[in-house]
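Report on the structure given below.
FYI, it's all coordinate maths here, none of it is from the lab. The model shown is predicted, which means the values in this text are computed figures rather than measured ones. Glycine gets a Cβ as well: all are built from the backbone with ideal geometry, and neighbour counts include every protein chain shown.
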């Protein structure tokens, strides 16, 4: 016997009809299996497909909203740009109007003076205009030998306080001639009294101008202690003359910086 045995395989020969039948059977089974696989896959992918469809619809909705938002944003930017331009123009116009209004208000007060210190009720029973005209002769006799012509005279609010030590209300006096008003301003220097009461005279200026001038009070006091010549101009700027040179300051901070830079402080002065 040989060590290895060869196995002879027998080949089966099918009849043509049987071979055709087997082929049809295999194709039918393959089709069935493919259909079952496709059905299983479709059923498995159905929820995913639905979700994907929802995502597509949501994305489309968001894209439409985003497009609308971009359009609206572009429109808003354009409108805001126009609004900023308009606001800038209105601000400029408003500044010009405020400047003109201040100039008109100052012109309307050119002939007016404020008189401080006349006790309330001094003019009781008499015409305020005649009372104040006589006041200038009595209080500023070196400037007025005859009563000046006045167009109006009245006290201003607040109403008189009943307390004995209450400050008297201010008198507003309007002159008919500017020369008389300037004469009164020049004559206010020094101590002025009226029937035993100290009197002060000031130009009548708008409140904004008064606040601007008051803002220079502290630095003016510092300049005054250094004997620096200074004057507050009609444009509400402070002008000082230092070592023969004139300097103009539009705000108190600039004036204070100039003072600190050119004068030793009070502590060093005290030493």
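Annotation: extensible slack from residue 214 through residue 107 equals 36.5 nm (criterion: 0.36 nm per residue apart, minus Cα-Cα distance). Distance between the modelled labels on residue 155 and residue 262, one decimal in nanometres: 4.4 nm (7 Å Cα→Cβ projection).
Which whole-number percent of Cα pairs in segment 112-204 have a distance greater than 15 Å? Value for segment 112-204 (Cα pairs over 15 Å): 57 percent. Translational diffusion coefficient of segment 85-148 (Stokes-Einstein, Kirkwood radius from Cα pairs, 4 °C, 1.567 mPa s): 85 µm²/s.
A straight chain from residue 67 to residue 145 at 0.36 nm per residue would run longer than the Cα-Cα distance by 19.5 nm. Dividing the Cα radius of gyration of segment 58-182 by 2.2 N^0.38 Å, with N the residue count, gives 2.17. Helix content alone sets the calculated 222 nm mean residue ellipticity of the chain: runs of n ≥ 4 DSSP H residues at -39500 (n - 2.57) each, divided across all residues, give -19000 deg cm²/dmol.
Give me the compactness ratio for the chain, meaning the Cα radius of gyration over 2.2 N^0.38 Å.
2.74
Our summary of shape: the Cα atoms of segment 18-107 have principal axis extents of 127, 20, 8 Å, ordered from largest down, in whole angstrom. Full extension of the segment from residue 192 to residue 41, taken as 0.36 nm per residue of separation minus the current Cα-Cα distance, would add 43.1 nm.
Over all Cα atoms in segment 163-235, the spread is summed up by Rg and Dmax: 15.0, 41 Å.
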